[in-house]
Each structure stands twice: as C-alpha cells, then as structure tokens.
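Just below is one structure, and these are the notes that go with it.
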Amino acid sequence: MTSDEYGITQDAEHKYWYNMKTGEVEQGFLSPAPNRVGPFDTRDEAEHALEKLRENSAKWAEEDAADNR
C-alpha cells in the first residue's frame, strides 16, 4: 500500500470516515475533507470517533502540561 503526499494511503477511499457535520459514518470520500475525520478500518471505529478524539485531546493536554512544568 502506498501513501500520497499527505500520508493518506491509496486504500483510504474505501475506509470509513466520521462526518463531523452530520454525525454519520461514511465509507469513502463522500463529504468534503474539512467535514470528516479518519480513516478508520471499521464502521465501529468510525462510530466511536468522537470518543477517540476526546481521549487523544485529553492525553495531549496532559503531555503539554507535563512539558511546561
């Protein structure tokens, strides 16, 4: 599998994406890039995208706080 200049694998068009505007899971590039997050390997992973984003955000905030001590 090869990646394009943005690090997106060519297979990404067949993966699942979470549409931040509609709250729906999509397979492939159905909506504009600014509206979607992903790619995810499974529909279930995409359905839990917001939870994963919150977890990552909290983890990064903790890391930033630790770096600033």
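Derived scalar couplings between HN and Hα for region 22-32 equal 9, x, 9, 8, 10, 10, x, 8, 7, 10, x Hz in order, rounded to whole Hz, by the Karplus curve 6.51 cos²θ - 1.76 cosθ + 1.60 (θ = phi - 60°), x for Gly and Pro. Measuring between their Cα centroids, region 50-69 and region 14-29 lie 24 Å from each other. Less than 5 angstrom separates the built amide H of R36 from those of M20, all sequence-distant by 5 or more or on a different chain. Ordered by solvent-accessible area of protein heavy atoms (1.4 Å probe), largest first, the residues F40, F29 come out as F29, F40. For the chain, the carbon plus sulfur part of the accessible surface works out to 48%, probe radius 1.4 Å. Modelled label positions at E45 and D64, each set 7 Å beyond Cα in the direction of Cβ, lie 2.6 nm from each other. Our coupling estimate for region 46-62, obtained by passing each phi through the Karplus curve with A = 6.51, B = -1.76, C = 1.60 and θ = phi - 60°, is 5, 5, 9, 4, 5, 4, 5, 4, 5, 4, 5, 4, 5, 5, 5, 5, 5 Hz, Gly and Pro reported as x. Note that the chain presents 77 Å² accessible area per residue, ligands and nucleic acids not counted, probe 1.4 Å.
The values are calculated or read from the model by the stated rules, or taken from the named source; none is laboratory data. All figures in this text were calculated on a predicted structure; none of them were measured in a lab. Neighbour counts run over all protein chains shown; Cβ positions are idealised from the backbone, glycine included. In case anyone asks, the SASA skips ligands and DNA or RNA and just uses the protein heavy atoms, side chains included. Shrake-Rupley method; radii C 1.70, N 1.55, O 1.52, S 1.80 Å.
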